[in-house]
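Values quoted throughout were computed directly from the atomic coordinates according to the rules given, and no laboratory measurement underlies them. Keep in mind that what you see is a predicted model, and the values were worked out from it rather than measured. For neighbour counting, all protein chains shown are included, and Cβ atoms are generated from backbone atoms with ideal geometry for every residue, glycine included.
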Amino acid sequence: MFAYYFQLGLRSLRRNPILTALMVMAIGFGVGASMITYSVFRATSNNPIPQKSGQLYAVQIANWKTDDLDKGEPPSALTYTDAMAFMQAHKAKRQTALYPIAPSVIPADASRLPIEENSYAWYGDAFAMFDIPFLYGGAWTQAQDDAHAAVVVIGRKLNDKLFNGANSVGKTIDLDGHDYRITGVIDEWNPQPLFFDPVNTGGFGDPIGLFIPFTRAVDLQMSTAGNNNCNDTPGPGWSNWIHSECIWIEYWAELPTTADADAYKRWLTGYAAEQQRAGRFKWAPNVRLRNVTDWLDFNKVVPPESKISLLVSLGFLLICLVNTIGLLLAKFMRRAPEIGVRRALGASRREIYVQFLVEAGTVGLTGGVLGLLLTGVGVLGVGWVFDEQIARLATLDASLVLLTLIAAVLATLLAAFYPTWRAAQVQPAWQLKSN
Amino acid sequence: MLKMTHLSKVYRTEVVETYALRDFNIDVKEGEFVAVTGPSGSGKTTFLTIAGLLETFTGGHYHLDGIEVSQLNDNARSKIRNEKIGFIFQAFNLIPDLNVYDNVEVPLRYRGMKAAERKQRIMDALERVGLASRAKHYPAELSGGQQQRVAIARALAGSPRLLLADEPTGNLDTQMARGVMELLEEIHREGATIVMVTHDPELAARAQRNVHIIDGQVVDLSEEPRFHAHNARVADA
Amino acid sequence: MQIKPILAALKRHKAGTVLIALQIALTLAIVCNALIIIRQRTEHLSRPTGMIETDLLTVANRWVGVDEKATPSLGKTDLEALRGMPGVVDATYANSYPLRGGGWSTSVNITPEKKKEMAHTTLYFSDDHALATMGLKLVGGRNFRPDEIDWVDPKAFDTTPVVIVSKALADKLYPDGSALGKVLYHSGATKPSTIIGIVERLQVPWTGTWAGNFAENAILIPRLLTGNFGSYLVRTQPGQLERLTKAAPALLFKTNRMRVIPDERGVRTFAQVREQAYKSDRGMAVLMGVVCAVLLAITAAGIVGLTSFWVGQRRKQIGVRRALGATRHDILSYFLTENLLIGAGGVIVGAVLAIGMNLWLVSHFEMERLSLLYVAAGVVALLLLGQGAVLAPAMKASRVPPVEATRSV
Ligand SMILES: Nc1ncnc2c1ncn2[C@@H]1O[C@H](COP(=O)(O)OP(=O)(O)O)[C@@H](O)[C@H]1O
Ligand SMILES: [Mg+2]
């Protein structure tokens, strides 16, 4: 029976090719536009570390007066003073302070130019906190953190460049004229968005390929390669700067249970109260713990372009659907006499439903194929509107292909529901009455 | 009132040419009630559509109310249809989207009549066909006979001088058919010229004059013995 | 016109009427808001930076393995080398430049009070070659003298005795136009800076809406920043730009190879800088434009489709109307009026939707308020679109011969 309805559908669609083409195009464009913008939205609103996003917390504390804050929220970064106090207190299962640095790797081969690598200074805990996979070796130890050791973890790409992919653990590399011993080489690790530091990366960017201990970086007076915000002039020199109220450090704590998180928050509030008592803060404690998804939200990692274009294209799809409802209604009701005859000849209402829904489904599927083509072309053109860093994350993968087709068919069936219901209401006697 | 001489009508399709009317001559005087009979496909409807300016013809002459109509443009023809001619179709041809009142109003609207006069005329016409109480009904809610009476009211409302009816009783039972016929006779008595196509010999007999069409031509009835009796009645009148 | 009977007939085709009206309403809502986005995004595309943008090269530079204290001498060597190159008119070193995307922003005032911020501004740290290299037009006062230039650690920077400001900022601080020779206090400093020069125009490094209210407020500081990162700006002689995009970095590496010039966006002509800075704005505007066009086309097609169907469905009654005396023009205007009525219903709902949607967008994104002018334009456009779309089917309807009335079904 399905095959029969399918055939009937095809024949009917061929009878008014223009109307059919119109519907297919409406569905195709609507679904295509929605899927293109969805592919971007999906990429930008991605949870980069789903297994742990609820256990990792970014720590914020208001070290500036309320006037200097944005909507009363504590700033997105910390002072060196606070970050060090938190590290020393060691209240979380794991914790790290971090900031982006810009060292250059000087190849041993003097004929090669220095290599720039996206780099971070942080603590050894970070590797386990962020579930970073190792190819060779592993993280440096807490003892090495404490010793301000000259150790380094490098990424796979840099390892390929410098050591042709061989196990380089124990070897040394030269960063800005200082030697560092490699303790580990990490495997592919490229969370997008770069959740641990959306403040300095904007959320998207190349993978990070080099890490050194935070303590070492500060010893060497490596400035942040990211943002540094001051509400007052810190005075000359490194020491004045790191002891100022300038903020430039991100801080993460791993707190496996909500009880842990609550306890940490209490401790944090206590710390702020202590600062208030000591006279450093002249305001009540204002602290935040935000897990990964809240943190990405707070930092507005999903660009407004992505949300707006997704909204606009969903509106576009809605209009296409309204359009399709109208056209299907026209198409189905034109066949009221045929329906009357079919009903008179014994077709049940259910059978009329199935016949017309199958016809609509055929339109939907064809529209889906067109939508898929448009999505394919559109995804290539995403770089036109969005940053390359974001554009390359928008891809047409199997799940998007499936989603496009399903969305097209479902949307069309939804649109077909009313016209089909109307068709099924046609009485067997209708065509006997005049007009 | 209505005079056709040597009129012909050819339908050209890709395959064939059909002479629906050929060397067709007829003269209907002002105030006459003419019944047109003939076998199916003989050209009766074609004659009425040309007479009512619904269609143009291929050759010959047609004078309506003394005017040669082949010279008229589409707008002038619309105006004549609207003001001088009333139509009653076999299939009623009410507009399903409009209720009885609005249906009767259609020709008056095109005449650009004032609202008050329109209302007067519509109610009068509906009164005459006995459907004043059904003004708010839609065609689908009426029986065949009632629908045809609405169609007659629509034709009457504009007080046409020429009423053309194509098998007005064809879709009705005998009882209803008689009612419609009585209405037409009444209208005729009031001075309208009526040309009615019918298959029903009984109804045809009640007209003043009978015209028989075969193969697109008017046939002299005096040579048709079957209709002698009716002719006698015509003579009586 | 015969509005009442048309309305009466439309009541019998509620679904189709509502669908067309709804489509028009939604289209109006989206098109109006898309237009606002387009306007907002294209508004600044042609905003001049204040620089002469032709024959200008930018080179991002990062020193490798050097102490911050060493950068002044390295920078001087580089600048001397660049200025000595054939085809180079002048060169300078700066922390940032217009449209770069990143830079230094701070508050500015004409009194040393910290609290009140009179204006927000960007700071460009550069030297006495900045005006000539960037091609800025001095409209008052003078350029920096070489003896006023120095190097400073960005983390220890406080203020300088003299500054050059953009005219926009000068007028903001001293609306009576007397800024030259007066003082300003920036970044909450307690020491004044005297305005010794005013340039006609100088844009900030950012193009986003957040920088919209200080887009042309700039202060040139006669200091070069130590630290290992900065940008060289090179003004070339006409026709030399292309050659120098290769030659300039090559020369820099020859002078000192312990540096990194990023592969991506390291060496850019200013034309490339401008294109990249506005890329997403232009892309978004084009995207919205395409969406609008397709949307209008689909809506028009929908109207054509449904009206054609109605005409087909009503052939017989059109014939009857013709038989009853309707002229072709009557039939044509019937369908045009019908569409106008539906369209009117649609645009009324659509205008409300458009404004509601805009209010929502304004509260959630950095969006501008929708001006009623746009709504009015959208309303007219959609009504015209509807009339245009209905024209073909209506013409077809007017050509239905009156004899159609006698045909069975
Ligand atoms: N539109 C048309 N196209 C082609 N042939 C037609 C058309 N209308 C009528 N005819 C032909 O003209 C002839 C007369 O038709 P008609 O006037 O309808 O006959 P009647 O009403 O007497 O039954 C028939 O042979 C019919 O097939
Ligand atoms: Mg006939």
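Among C:C292, A:C320, what is the fewest-to-most ranking by other Cβ atoms within 10 Å? Provide the component values of the computation, followed by the final result.
On the way: C:C292 23, A:C320 32.
So the ranking, lowest neighbour count to highest, is C:C292, A:C320.
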Legend entry - Evaluated over region C:253-392, the Cα radius of gyration and Dmax, each in Å: 25.9, 96
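Return the calculated 222 nm mean residue ellipticity for chain B, to the nearest 500 deg cm²/dmol, obtained by summing -39500 (n - 2.57) across DSSP H runs with n ≥ 4 and dividing by the residue count. Mind dumping the intermediate values first?
Values: 8 runs with 88 residues, N = 237.
Taking each H run of at least 4 residues, the total per residue is -11000 deg cm²/dmol.
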Inset, instruction - Determine, for C:I198, A:I132, A:I406, the number of other Cβ atoms within 10 Å of each Cβ, and report the residues in order from fewest to most. - result: A:I406, A:I132, C:I198
Inset, instruction - Pull out the extension gain between A:A259 and A:I406, defined as 0.36 nm times the separation in residues minus the alpha carbon to alpha carbon distance; nm, one decimal. - result: 48.7 nm
Inset, instruction - With a length cut of 18 Å (Cα positions projected on each helix's long axis) and a Kyte-Doolittle mean of at least 1.0, go through chain A and give me the DSSP H helices that pass. - result: A:17-44, A:304-333, A:349-380, A:398-425
Inset, instruction - Return the sequence-ordered ³J(HN,Hα) values of region C:53-63 in whole Hz as given by the Karplus equation 6.51 cos²θ - 1.76 cosθ + 1.60 applied to θ = phi - 60°, using x for Gly and Pro. - result: 8, 7, 6, 10, 10, 10, 10, 7, 9, 10, 6
Inset, instruction - Kindly identify the protein assembly as shown as rounded, prolate or oblate by the Cα gyration tensor criterion: order the square roots of the eigenvalues as a ≥ b ≥ c, call it rounded if a/c is under 1.5, otherwise compare a/b with b/c, prolate if a/b is larger, else oblate. - result: prolate
Inset, instruction - Kindly provide the helix-only [θ] at 222 nm of chain C, computed as the sum of -39,500 (n - 2.57) over DSSP H runs of four or more divided by all residues, to the nearest 500 deg cm²/dmol? - result: -16000 deg cm²/dmol
Legend entry - Label point distance in nm, C:E43-A:Q142, each placed 7 Å from Cα along Cα→Cβ: 5.4
Inset, instruction - Loop only per DSSP, at most 10 neighbouring Cβ atoms within 10 Å: give me the GluC sites (Glu not before Pro) in region C:200-288, ordered by residue number. - result: C:E264
Legend entry - Per-residue [θ]222 nm for chain A (sum of -39500 (n - 2.57) over DSSP H runs n ≥ 4, rounded to 500): -16000 deg cm²/dmol
Legend entry - Per DSSP, loop GluC sites (Glu not before Pro) in region C:109-168 with at most 14 further Cβ within 10 Å: C:E113, C:E117
Legend entry - Sites C:Q2 and C:T106 - FRET efficiency at Förster radius 56 Å, r taken between beta-carbons, to 0.05: 0.20
Legend entry - Percent antiparallel among DSSP beta bridges (both partners in the protein assembly as shown, rounded to 5): 70
Inset, instruction - Could you pull out which residues in region C:91-115 have an amide N less than 15 Å from a spot 7 Å beyond the Cα of C:D171, following the Cα-Cβ vector? - result: none
Inset, instruction - Measure out, as a whole number of angstrom, how far apart the alpha-carbon centroids of region A:320-390 and region B:153-216 sit. - result: 51
Legend entry - Estimated inter-spin distance, C:A156 and A:R14, nm [label 7 Å along Cα→Cβ]: 8.6
Inset, instruction - Please figure out what share of the DSSP beta bridges in chain C is antiparallel and state it in percent, rounded to the nearest 5. - result: 75
Legend entry - Loop-resident sites, region B:134-213, for trypsin sites (Lys or Arg not before Pro), counting at most 15 other Cβ within 10 Å (DSSP): B:K136
Legend entry - Cα gyration tensor shape of region A:192-286, rounded if a/c is under 1.5, else prolate or oblate by comparing a/b with b/c: oblate
Legend entry - Counting DSSP beta bridges with both ends in region C:65-257, the antiparallel % (nearest 5): 60
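Between rounded, prolate and oblate, where does region A:27-69 land on the alpha carbon gyration tensor, with a ≥ b ≥ c its root eigenvalues, rounded for a/c under 1.5, else prolate if a/b exceeds b/c?
Working: a/c = 7.28, a/b = 2.04, b/c = 3.56.
Note, shape of region A:27-69 comes out oblate.
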Inset, instruction - Enter the Cα centre distance for the pair region C:127-171 and region A:166-185, rounded to the nearest angstrom. - result: 44
Inset, instruction - Specify the inter-centroid distance of region A:269-317 and region A:89-135, based on alpha-carbon positions, in whole Å. - result: 25
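Beyond 20 Å between alpha-carbons counts as too far, so tell me which of A:K157/C:K254; A:K171/C:K254; B:K79/B:K114 fall in that bin.
Numbers: A:K157/C:K254 27 Å; A:K171/C:K254 30 Å; B:K79/B:K114 17 Å.
With Cα atoms farther than 20 Å apart: A:K157/C:K254; A:K171/C:K254.
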Legend entry - Nitroxide proxy distance, nm - points 7 Å out along Cα→Cβ at A:E388 and B:V16: 7.6
Inset, instruction - Could you work out how far helix C:14-42 tilts from the main Cα principal axis of chain C, as a 0 to 90 degree angle to the nearest 10? - result: 20
Legend entry - Cα-Cα P(r), region A:1-123, percent of pairs per 10 Å interval: 9, 16, 20, 16, 12, 9, 13, 4
